[in-house]
Amino acid sequence: MTMTVSSNNRPSLDAPSTISAGSMLKSREIVLIGLLILVFVGGDLSSPWFLDIYNLLDSTAIFSEIAMMALSTALVIICRDIDISMASVMALSSLMMGLASQSLGLGALPLCLVGLLTGAACGFFNGFLVTRLKMPAIVVTIGTMSLFRGVAAGVLGNEKIAHYPDAFAAIGQSYFMDMVPYSFITFVLLSIVFIIVIHYTTIGRSIFALGNNPEGALFSGIRTDRLRFILFTLNGLMAGLAAVFLTSRLGSTRPDIANGLEMEVITIVVLGGVSLNGGKGTISGVFIAALVIGFLRLAITLNNVPGNILIVFTGTLLVVSVALPIIGQKYLPRLSKKKSE
Amino acid sequence: MVKALKSREALLAASWIALIVIAGIVTPNFVTVQALRDLLTDLSILMVLALAQMIVILIRGIDLSVAANLAFTGMMVALIAVANPGLPTIVWPVLCIIIGTFIGMFNGLLVAELKIPPIVVTLGTMSVWRGMIFVVSGGAWVVQHQFPEGYLSVPRTPILGLTLFFWIGLIVTFGMWLMTTQTRFGRELYGMGGNPRAAEYAGVRVKHHEFWVYTITGALSGLCGWLWTSRYAMANTDVALGFELQTVAACVIGGVAISGGAGTIIGAVFGALFLGTLYNILPVIGVSQFWQQALSGAIILIAVYFNMISRKPPVRRILPQAASQGVQE
Amino acid sequence: MADHANTTPLVELKGITKTFGGIHALKNAECRIYPGEVVALIGENGAGKSTLVKSMTGLYHPDSGTIKIKGIPVKLATAKAAAVMGITAIHQETTLFEELSVVENIFMGHPCLKSGGLLDWKQMHEKAAALLKEVDLDIDPAILLKQLSLGQQHMVAIARALAEEADVVIMDEPTSSLSSNEIEKLYVIIERLRQLGKGILFISHKFDEIFHIADRYVVFRDGSFVGEGNIADVREDDLVKMMVGREVATVFPKRTVEVGEPLLEVKNLGNNIEFKNISFSLHKREILGFYGLVGAGRSEIMRSIMALSPYAFTGEITLDGKAIHWTDCSQAIDAGVVYVPEDRRNQGAILPLSIRDNIALPSLKKLSNGIWPNRDAEKKLAQDYGQIFAIRAANIEQPVEDLSGGNQQKVVLSRWLATNPNVVIVDEPTRGIDVGAKSSVHDALGGMVEKDLSVLLVSSELPELMGMADRIIVMRLGEIVAEFDRKDFDAEVIAAYATGAKKPQTQSHDREVA
Amino acid sequence: ADVRIAMVPKSLGNAFFEAARDGGNEAAKEIGGVELIFNAPAVVTAEGQIEVINALIAQRVDAIAISSNDPDALVPVAKKAMKRGIKVLSFDSAIAPEGRMLHMHPATAAGAAKAQLEMAVDAIGPEGEIAILSETPQSTNQNEWIEEMKKLLPSDEFSKLKLVDVAYGMGQSDKSYRETIALLRRYPDLKVIIAPSTVAISAAAKAVEDQDMVGKVYVTGLGLPSELAGYVHTGSIKSFAIWNPIDLGYSATYLAYDLIQKEEVQAGDELEAGRMGSFKLDDKLETSLPQPFVYDASNVDKYSKIF
Ligand SMILES: Nc1ncnc2c1ncn2[C@@H]1O[C@H](COP(=O)(O)OP(=O)(O)OP(=O)(O)O)[C@@H](O)[C@H]1O
Ligand SMILES: Nc1ncnc2c1ncn2[C@@H]1O[C@H](COP(=O)(O)OP(=O)(O)OP(=O)(O)O)[C@@H](O)[C@H]1O
Ligand SMILES: [Mg+2]
Ligand SMILES: [Mg+2]
């Protein structure tokens, strides 16, 4: 039976993504929105301070930096690579900004540039090792993870850098209309840009093609290595951007800055439904996931729950949120019928 | 190819020796018998944990929760030991293995039964168990004088001049070698890693094997919980923080293919020896305290680069006896 | 089947139904295999043959229907279960382990154990050596599989099936990438199995093979059983009619078009591992055939031309008289030269993506204004090619991985033709696709040259080449050993050159092609 | 409770701060009507503390007493708190002056440094090689003390002590242990390892034990009796010092309460601190506990029951 015959009993010809991926991901975002609602309800019930627009917005400054990196890391992971060096890239960017402001006394804007460029350079280095020397991404970034932070630690020794120009401090410490942290605004805008680029442009198409079958993509005329190279560099750039906000927010640079953030970034990406086997995932998922994690943390800290227990919550959330749909699919026949359509 | 593997392990062994020699030249009393004994003792934990990690990577998985498992198990058993110091020493390792096994089974269940990507599962359980340490200990430390005598002393008993730490490492290594080369289970892991679908078609019980691999990894991590707390006479929330990445690095340096299906126990062991020794000698040869981390990062990259170029896919010749001038890439 | 009236079949399937999402892969299909016979299972691509195989080997679980083994109804939960019941299969997709040795490939899943439960390597090596001799493969059982050529790998797969010592051996398109003499070996093996009273289910799209080896045939169409009988009692076109439900011209429609001036010229191409001294020129509106045994190095040449080869090469390539130095294949595609790869699963298609995505991808530049893709155009393109090749799918948003092998191949062809190129390099375009699909592929190829395209046709099927090509270049072990114009095509001679039975005329290979 | 005082230590799961909390609760009970909130991040980072402090600001607590992981990084958030009328003070590890209303040293840096050198001398006599095993190159307090020790070394009291190296255990038992071994290997004549950090001192003591160097090499520094009693008995540690964490938490809580009472404090103010008497603010608005107390075989067991 050729297509024309069967296609009239199937009008859904322009589903956004492929059938299988498409439905899988939609269900993912529904799960996440559900979680977000739960977090808000739970937060409100457990703490009188939670549902307060100022507190909510204020808390976004805490996770926006991580969330930004999650956006680009999602792309890297969709392309079957992975990058766990971002936190160390942040440390190095922060260091360079510190040195620049200390020794050259640069102003706010040049400092940001220094930060971004350093980040991009680190990303470029990762990209080079992965695509040119053909080393596995996980390995490369495990190495550069300690290399980048190590360099920062080496240069700083037991020194530290503090006192950045006020204009620079304003980036991470002042608010839009005394309410919204600029880092959050940046994150939201970036998310929109990413959503458009990834889901509505040819570039996005290439990324998903590459993620689903690198060799096939290559044979289809996509310059796969170039694309991966670019994504690694982009990821470095985003880490640089995150470093700008964090450094400005802290007003201080130390080698241990942003220590361990890489895991939080990856947690968000994964929670957002990006498949680590590549080829599947949405930015909107990552966006919501960032909010879920961010506000969950706020709700928990507002109840003065020790940080050590907080990580139990985020860890559980990660596993459960992925497990639930699968369990549903696996053990509720009705649901599974719907799925396989 | 088999030769290539051999040669890679030879290369690793050589560079390991080289490390020690360098250290010896710079700091002569790093190569005293006593010093080498200590070195081997120190390497045992990384060795065992790297092997635990290796079999997971072998089947295209990864276990980021090994360190958290180690820390949690260590704390649990330390607390139990403090509560009933009377029990015979053998109880502690056994308890550790049991608890570790359950943690591993939990990972295994999620990965094998629910088909959740391993990195997701273990990323989650990593935080969970790390946090649980605080929950069970209430943030208190368990320290030297609280441990029962045997808990600390037994692993240190020298046998043929080497501590039990080392012998445990060696026994585990041998066990794993036996498993991966001489048992059906072990060989089928290579199949699963190399081509999961083919393995299923061949009648390999993929689900079952996956579950048990994570369980074994858990058990070994648990065992390390005892080794660690005993060695440093200390159980607290930060035990082995970030150690999981060292185990992965060790495997990769040891030539275990991160994409699964290839790699040997011997390789992984030498990877661990190399990395662990590196961490031991950097301070000894007087590398600036501040630059040690950067240096180890660089060396990991270099080591990985070298055994990567040694694992080039074989050229599939079509021309007979083609001119032997090298292939330009 | 009077002769089977009072023997119980080794396997008997009745009313097997299997659906995937919307589509019925099998609609109460049935099939019987008796001891000592070879049953040919035939049907169009997507008829459900492989699905049936997977249902018999415990990989798929039928929604309904009964499977009887030696008369006893069974439920096959896993491949293991099927193996225990004495059913083994060589599946359509390669199911081997590149990183492992031949021995391990043979014994994966059913090793020899010592009393202690440890592996008995010694015994396995001995058995393996014996099995390899049986399939007449002269290699060291200890070497890694990835060091073998594809053909050798398939023989290992066969050896593996023999090792199971099963009563029923299923072969799902075993010959699709075997060379002619390897196929001969296979016949011998099947014959031996038949003598041993085993039952063989043989799936193939090649009628010569079916008529050569099979005793009975079972025909599927659209997942349902449409008929069976003794091979002796049917003619090829009866079978075709049963399969397709209509007449299909199995003769190759050679269109007579005026061949033009040289378009793509290749001089002294070589990379001293895969091929050397490769010179030929493809003319406008010409179909230039490349024949050789699998492994002759044809694909490697094509990949080098397309800048898809890992190895640098020497020699020169000119397109329309202009020398070209492509560094990646997107440039080639822009220049109107496309390569339809032979390995559809890994190179040809992006299986998880929809038919539309796949067909649109290579043409993305054309179908978009650089940034914004044009969905409607893509949809139209996909629909059109769905028509042209009669692709069997629920709709154009169905993931290609859900299509049958042959339908996947149709999608692969579509996506490259959709870029409307000037030069099309097709590598084994009809490997594993059914008569109907085949003739539509051949129509398409014919149609191309009429539309001013030039075609490089790499194929291991001589009849196809002799039917379609204006000229045939024969390759052996990475070198051009002969070249024939249409007027003096001669199957015997061509095959002789390909197998090396006939030595090339002196310096035949480095002569300029006029 | 009508007054809420928050105490934010460097991290949780650290006996020193657990003890400080007990002190805090004691004070809270004494004062009455005071609720003590005790929270910190899982890892020792400024970012983590900022998150916690933000949440405290959101809850509009009345005062926050912080032991900072980074004196500068906490300034912005501390300022924000003060802008919202929350009293901010630092204890144990300081926040930069602009970020707090007063700071309570556990002991004067000079005092802490002197005590540790004296213990070294007490262990091996006035002469010999010593090394320092610190926490991280960035640990503010430790760096201060190391500085002070370096200043004190030339003085004739310690002039014969030779500081051969400063190593860092990064707050990890295994790293500290390895660094100790490395020190022993590189400096065969090493006599004393001064470890001004709880993790480092126990790891160092363990390493010395395992190396059978008890009696040849002594470990000293800062740690808790409850954690070090064992090593004092085995002899790898002869004596070590620590200020009383209970008193520290107790006093910090009192000072926080005082801050809430009186809107402003300036240099020279005397602040009430219950059983600890009163604290006088110096011109840098800092004050400090009495000198650290030294523990050895004679008294360690008594205190190891307490903290
Ligand atoms: N895993 C699957 N998911 C969804 N649909 C499937 C799946 N496997 C097969 N199908 C569908 O079932 C039908 C039969 O497929 P099958 O592979 O059995 O055909 P076939 O007869 O083997 O074709 P070919 O000769 O090309 O191999 C096809 O329409 C295919 O689209
Ligand atoms: N040992 C092998 N392992 C995996 N794939 C192989 C192997 N040998 C060949 N192949 C693939 O199978 C296809 C055909 O085999 P090969 O390339 O050796 O022949 P070829 O170059 O295609 O020669 P021809 O095109 O003349 O058959 C190619 O895609 C090749 O990459
Ligand atoms: Mg098939
Ligand atoms: Mg080919």
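Bear in mind these aren't lab numbers, they're just calculated from the coordinates by the rules spelled out. None of the values given here were measured: they were computed from a predicted structure. Every residue, glycine among them, receives a Cβ derived from its backbone with ideal geometry; neighbour counts consider all protein chains shown.
Exposure proxy ranking for C:416, B:226, based on other Cβ atoms within 10 angstrom of each Cβ and starting from the fewest, stands as C:416, B:226. Simple point charges give the picture: +1 on the Cβ of Lys and Arg, -1 on the Cβ of Asp and Glu, and for the stretch B:32-309 a dipole about the Cα centre of about 360 debye.
On a 0 to 90 degree scale, rounded to 10, what angle separates helix A:307-331 from the longest Cα axis of chain A? Result, in degrees: 10.
Assuming R0 = 56 Å, what is the FRET efficiency of residue B:288 and residue C:375, from their Cβ-Cβ distance, to the nearest 0.05? After rounding, the FRET efficiency stands at 0.40. When DSSP beta bridges are restricted to pairs lying wholly in the protein assembly as shown, around 45% turn out antiparallel.
Do the alpha carbons of any pairs in C:410/C:438; D:162/D:206; C:27/C:198; D:114/D:280; D:151/D:175; C:206/C:487 sit beyond 18 Å of each other, and which pairs? Please list the in-between numbers first.
Working: C:410/C:438 9 Å; D:162/D:206 23 Å; C:27/C:198 27 Å; D:114/D:280 22 Å; D:151/D:175 28 Å; C:206/C:487 26 Å.
Those over the limit are D:162/D:206; C:27/C:198; D:114/D:280; D:151/D:175; C:206/C:487.
Please work out the FRET efficiency for the pair residue B:26 and residue A:113, using the Cβ-Cβ distance as r and a Förster radius of 45 Å; give the result to the nearest 0.05. Calculated value: 0.60. For residue C:471, the residues whose modelled amide H falls within less than 5 Å of its own, excluding neighbours fewer than 5 places apart on the same chain, are C:287, C:289. For the stretch A:47-333, with the dipole built from +1 on Lys and Arg beta-carbon atoms and -1 on Asp and Glu ones, taken about the Cα centre, which of A:314, A:88, A:77 lies farthest toward the positive end? Result: A:77, furthest along the dipole toward the positive end.
Rank B:271, B:218, B:286 by mean-square fluctuation in a GNM of chain B with C-alpha springs under 10 angstrom and give only the top-ranked residue. With Cα springs under 10 Å in chain B, the top fluctuation among B:271, B:218, B:286 is at B:286.
Is there a simple number for the mean count of other chain Cβ atoms within 10 Å of the Cβ of residues in D:170-176, and what is it?
Per residue, the number of nearby Cβ atoms from other chains is 6 on average.
Counting other Cβ atoms within 10 Å as a rough exposure proxy, the listed residues B:177, B:212, B:141 run B:177, B:212, B:141 from fewest neighbours to most. Residues C:49, D:284, C:322, ranked from the fewest to the most other C-beta atoms within 10 Å, line up as C:322, D:284, C:49.
Rounded to the nearest 10 degrees, the inclination of helix B:206-232 to the longest alpha-carbon principal axis of chain B is 50 degrees. Ordering A:147, D:48, B:216 by the projection of their Cα atoms onto the charge dipole of the protein assembly as shown, which places +1 on the Cβ of Lys and Arg and -1 on the Cβ of Asp and Glu, puts B:216 at the extreme positive end.
A simple charge model with +1 on the Cβ of Lys and Arg, -1 on the Cβ of Asp and Glu and nothing else charged puts the dipole of the protein assembly as shown at about 1980 debye relative to its Cα centre.
Among B:32, B:157, B:229, which one moves the most in a GNM of chain B with springs linking Cα atoms closer than 10 Å? Judging by the Gaussian network model, the answer is B:32. For the residues of C:305-311, the average number of beta carbons from a partner chain within 10 Å of their own beta carbon is 2. For a straight C-alpha distance cut-off of 18 angstrom, the aspartates and glutamates reachable from residue C:127 (same-chain residues fewer than eight places away being disregarded) are C:104, C:136, C:138, C:140, C:164, C:165. In this simple spin-label approximation, residue C:387 and residue A:320 carry label points 7 Å from Cα along the Cα→Cβ vector, and these lie 5.4 nm apart. Look at the stretch B:181-190: the mean tally of other chain Cβ atoms within 10 Å of its residues' Cβ atoms is 5.
Each residue of the stretch A:226-233 was assigned a 3J(HN,Hα) from its phi angle through the Karplus curve 6.51 cos²θ - 1.76 cosθ + 1.60 (θ = phi - 60°); the sequence is 4, 4, 4, 4, 4, 5, 4, 4 Hz, with glycine and proline shown as x.
For residue C:339, nonlocal amide neighbours, meaning residues 5 or more places apart or on other chains whose placed amide H falls under 5 Å from its own, are C:425. For chain D, the relative contact order is 20 percent, taking Cα pairs closer than 8 Å that sit 6 or more residues apart in sequence and dividing their mean separation by the residue count. Compute the angle between helix B:265-284 and the longest alpha-carbon principal axis of chain B, please, reported from 0 to 90 degrees and rounded to the nearest 10. For B:265-284 against chain B, the angle is about 60 degrees. Among A:71, A:317, A:111, which one shows the highest mean-square fluctuation when chain A is modelled as a Gaussian network with alpha-carbon springs under 10 Å? Most flexible of the set in this elastic network: A:317.
Of the residues A:265, A:123, A:189, the one whose Cα sits farthest towards the positive end of the charge dipole of the stretch A:47-333 is A:123 (charges of +1 on Lys and Arg Cβ, -1 on Asp and Glu Cβ, taken about the Cα centre).
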